[in-house]
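See structure below.
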Amino acid sequence: MVAAVAPGMAGGAGCASPRTSQGTAGLEDADPVQRGRAVQAVAQQGDPSLAPLLVDRLEDEDAAVRMLAAEGLRRLTGQAIEFEADWPATKRAAVADQWRRRLAESASTGDEQSHYIH
């Protein structure tokens, strides 16, 4: 489950993936508000091939950024892996690894959405 979006967060570096100039500059910004805005900007593009950009943000130090990344992945892929922003780091890392595996599978088959898991 993904919690509600934190107030004041508008608009993660991902694993190896395609990059876009819109919104990605702030994914590793020192300011969590800027990272959150960048995560939302990536998700709003609506391009499932950009999902890998959000995966690392599932392990962000800021819970609001993690939450936005999980929601962004859901929006881009139409799928979700159970995730809570306040889970322990090891559990969050396991979910990020699940996403990486699924994204790699979909890239290898050329099918960006059929291999995402619920």
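Among the residues that make up region 38-59, is at least one of them modelled with pLDDT of 95 or more and among the acidic types (Asp, Glu)? For region 38-59, residues modelled with pLDDT of 95 or more and among the acidic types (Asp, Glu): present. The residues of region 60-93 that are within 22 Å of PRO32 (Cα to Cα), surrounded by fewer than 17 Cβ atoms within 10 Å (Cβ to Cβ) and of a type outside the set (Ser, Thr, Tyr), listed by number, are GLU61, ALA63, GLU84, ASP86, TRP87, PRO88, ALA89, LYS91, ALA93. Within region 71-118, the set of residues being modelled with pLDDT of 85 or more and either at positive phi or of a type in the set (Val, Ile, Thr) (or both) comprises THR77, GLY78, ILE81, THR90, VAL95. Listed by first and then second residue, the pairs with beta-carbon distance under 8 Å, at least 6 apart or on different chains, first residue in region 59-77 and farther than 17 Å from GLN44 by Cα, second charged (D, E, K, R) and assigned to a helix (DSSP H, G or I), are GLU59/ARG66; GLU59/ARG92; ASP60/ARG35; ASP60/ARG66; ASP62/ARG35.
Is it the case that ARG101 is of a type in the set (D, E, K, R) and more than 22 Å from GLY36 (Cβ to Cβ)? Show your work before the answer.
Working: of a type in the set (D, E, K, R): yes; more than 22 Å from GLY36 (Cβ to Cβ): yes.
The answer is yes for ARG101.
The values are calculated or read from the model by the stated rules, or taken from the named source; none is laboratory data. Predicted, not measured: the structure shown is a model, and the values here were computed from it. Because the Cβ atoms are built from the backbone with ideal geometry, glycine has one as well, and the counts that use them run over all protein chains shown.
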